[in-house]
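Structure first, commentary second.
Derivation of every value follows stated rules applied to the coordinates shown; laboratory data play no part. Predicted, not measured: the structure shown is a model, and the values here were computed from it. All Cβ positions, even for glycine, are placed from backbone atoms using ideal geometry, and neighbour counts span all protein chains on display.
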Amino acid sequence: MSDARADRLYELLPGVYRKRDAEYGQPLRALLRVIDEQAGVVEHDIAQLYENWFIETCEEWMVPYIAELVGYRPVHEGGDPGSPATAEGAARNRILVPRAHVAHTIRDRRRKGTLAILESMSRDVAGWPGRAVEFYRLLAVAQNLNHLQPARGRFADLRDADALDRIDGPFDELAHTVDVRRRYNIPSAGLFVWPLGEYSVTHAPAYHLERRARKRDRNRFTFSVLGNDTQLCTLPVDEPEPTHIADEMNVPTAIRRRAFDERTADYYGDGKSLMIWVDDHPLALERIVAADLSDWIYSPKGDQVAVDPHLGRIAFADDHPAKNVRVSYHYAFTADLGGGEYERALSPSAGRKVYTVRQDEAAAHPEYFATINAALQSWLKEQDKHPDAIIEIADSAAYTEGIEIELKPGRKLELRARNGARPVVRLMDERTSRGDAMLVSGPTAEDPSAHDPRFILDGLLIAGQGLQIQNRLSCVVIRHCTLVPGWTLGHDCQPEHETAPSIELLGTTARVNIEHSIVGSILVDQDEVLTDPLRVSITDSIVDATRDDLEAIGVSGSGRAVAHALLTIARCTVIGEVNVHAIELAENCIFHGRVRVARSQIGCMRFCYVPDCSRTPRRYDCQPDAAIAAVKPDREKRQAERRVRPRFESLRYGAPAYCRLHSTTAPEIARGADDESAMGVFHDRFEPQREANLRIRLDEFTPAGIGNAVIPSN
């Protein structure tokens, strides 16, 4: 608070009292500052009471009350609203009683029965973009010769390849015969929704396939910096008017090759779905051609550049080689997880020295560093003056370097990405004497006069190697990071080093916290005799060992059964085995591999899926235990166990639906968390509540006799 604001009451006093107060050391001024601080709290509360009259400005806890005033009713199938006093309850209420739909309730009732209301309701209620379709308009009909409608109920035109490309999808225009078992019927309407969001990558290096030591790949690139094929996604544009029905440019759908070929200008360019630079010069629209680069057979001519949006591939002509290629594009994913350009909460930088790394502007700006190591060396020289520092990467470039960080007692270092950037740290195999992992180490001996150092990793994507942590550290925090499972990927997202760990804890004292991240295996090498179990906490993350029979969390080396670690894990999906000393708490998690603990009397597991062959602490309302207990014959028990096994759309990092539960997953898993949301890493998306809420609202706003359906389209 400024001095002028703090002395607001003091300035109202007559000057004689202020003069006399100054003679006594201003005790009255200090008293009035305390009174003014509390008066400010009351004043702010009174101002907020006025704001709480309006749905646009009210606090979250007021939304259900305003909803009741306008006649909005929460959906019973979505579950009961949570307590607004808790963070979990407030997050649940944002889905069950969405602010936008409460605000638009009266408007939506006036528009009841119109097709466009279904699309706007999808955004308001579930937060998903959608396209509404009247299926009766797609039925094959016998035309009345006196009232021909050539644009409706058309049979397939084999010359219209674009229409054939969109068949059976949300943008289908061809005629279908009546099928009472499916959606194509007279009393049917559908809402295609896109649960996956679009995420951007801006001015990042493309992957040059020449790195894989094949000369014929010297003019071939992938949009993904990891070298895997990635489906490019449309950056949606706003619909021109409320009555407009969404088309392919208004939703985050996959870009089709033919659509890109016919409407290249809609997708390519600055601020659009994708853009390519060569030597920092943008490629002109006239040079871009759409192509099928599945087998790299197509070769562009002259100065043309072939782009395959379905696979995320780029090909240059043989006589126009390119080296420094950068790209901007969008991809689909489920949530803000791992390294990405999405907004995230950063730790405060006030009072801390910030070293900015920006590869493309370091030469022109002396205050920027071109490499992470350059910034690190600068801090090491000044660490006595700045014991608490931040190394912040401000672009989405790829930094190919080895990183070793040795922290002295009492030091704190944060290596992070700036909001809106997704830097890639590529740790390559360049040294032969020892590994090339990112090494973070503290002092070897305890210093009674100072605290052990701390290290924070935030917002980075690390590939090529893993992270090693050793010696004495107080805490290591990994948040919103991706440590690529298997280190590197093939073109089909297959990990190239399946057994390689992402994190190795080597004789360290660090408490490890992993939040909102994607990591590979975590291996622990800890002395079981002289040290306490290492504390590892994992929340809202994916731990992917690449296979169910490999160790996701376990011991480094051979000869020991379990890692000397005490695990706390919540809202996570774990692919692989977990072998630890003890699990203090596990809740709302999916363990897609066997779990074994040495001390089963410690801790508990609640609302988790754990394979039946596991050794765990006591379980509460876990699967498949609950499903098996509900049946009696042994044969039915085996069927129940198979029925509730989690089913995923993909278990390969790099796929858009990575670790996303399949629509056929048993409800015991899809709604098996303690608050009836899904188990696993995407628990906080509350997708079961979104879908239930949306389905009921569609019934309310669809005319009587018209059936409807919610159809995921990603």
Inter-centroid distance (Cα atoms) of region 441-470 relative to region 275-298, Å: 42 Å
Distance between region 650-714 and region 500-521 - C-alpha centres, whole angstrom: 31 Å
Region 122-154 residues near the modelled residue 663 label - backbone nitrogen below 18 Å, point 7 Å along Cα→Cβ: 122-123, 126-136
Förster radius 22 Å - calculated FRET efficiency between residue 700 and residue 179 (Cβ-Cβ, nearest 0.05): 0.25
Per-residue HN-Hα couplings for region 295-307 [Karplus 6.51, -1.76, 1.60; θ = phi - 60°; Hz; x = Gly/Pro]: 10, 6, 7, 5, 10, x, 9, x, 9, 5, 10, 8, 10
Relative compactness, region 197-333, computed as alpha-carbon Rg over 2.2 N^0.38 Å: 1.04
Calculated from backbone phi, Karplus (6.51, -1.76, 1.60) coupling profile of region 387-396 in Hz, x at Gly/Pro: x, 10, 9, 10, 9, 10, 8, 9, 9, 9
Debye log10 I(q)/I(0) for region 420-551, one point scatterer per Cα, at q = 0.12, 0.14 Å⁻¹: -0.48, -0.64
Full-extension gain in nm, residue 57 to residue 530, via 0.36 nm per residue minus C-alpha separation: 164.6 nm
Interchain or long-range residues, amide H under 5 Å from residue 595's placed H: 578, 614, 615
Segment residue 18-residue 629, extension gain: residue separation times 0.36 nm, minus the distance between their alpha carbons: 212.2 nm
Amide H within-cut-off set for residue 514, under 5 Å, with H built and near neighbours excluded: 478, 537, 538, 539
Ranked list, fewest to most other Cβ atoms within 10 Å of each Cβ, for 382, 584: 382, 584
Which of 24, 355, 184 has the fewest Cβ neighbours within 10 Å, and the rest in rising order: 24, 184, 355
Whole-Å semi-axes of region 327-399's equivalent ellipsoid (Cα gyration tensor): 26, 17, 9
Net charge over other residues, Cβ less than 13 angstrom from the Cβ of residue 105 (K, R count +1; D, E count -1): +4
Within the chain, percent of DSSP bridges classed antiparallel, to nearest 5: 20 percent
For residue 606, residues with placed amide H under 5 Å, excluding near neighbours: 586, 587, 588, 620
Residue order, fewest to most surrounding Cβ atoms within 10 angstrom, among 425, 42: 42, 425
Alpha-carbon Rg/Rh ratio, for the chain, with Rh computed the Kirkwood way: 1.01
Cα-based reach from residue 323 at 26 Å (exclusive), listing lysines while leaving out same-chain residues under 8 positions away: 215, 272, 301
For the chain, calculated [θ]222 nm from helices alone, where every DSSP H run of n ≥ 4 adds -39500 (n - 2.57): -5000 deg cm²/dmol
Charge tally in the Cβ shell below 12 Å around residue 673, where Lys, Arg are +1 and Asp, Glu are -1, residue 673 excluded: -4
Within straight-line cross-link reach of residue 381, lysines at Cα separation under 19 Å, skipping those fewer than 8 residues along the same chain: 353, 408, 412
Using a Förster distance of 30 Å, the FRET efficiency for residue 156-residue 231 (Cβ separation, nearest 0.05): 0.70
FRET efficiency estimate (nearest 0.05) - Cβ-Cβ, residue 371 to residue 281, R0 25 angstrom: 0.55
Integer Hz, Karplus 6.51/-1.76/1.60 couplings in order for region 653-662, x for Gly and Pro: 4, x, 7, x, 9, 4, 6, 8, 5, 6
Approximate spin-label separation residue 49-residue 69, in nm, with each point projected 7 Å along Cα-to-Cβ: 1.4 nm
Added length on full extension, which subtracts the Cα-Cα distance from 0.36 nm per residue, residue 296 to residue 638: 118.4 nm
q = 0.14 Å⁻¹, region 405-624: log10 I(q)/I(0) [Debye, one scatterer per Cα]: -0.85
Label-point gap, in nm, between residue 645 and residue 364 - each point 7 angstrom along Cα→Cβ: 5.7 nm
Proximal charge balance of residue 54 [Cβ under 14 Å; K/R count +1, D/E count -1]: -3
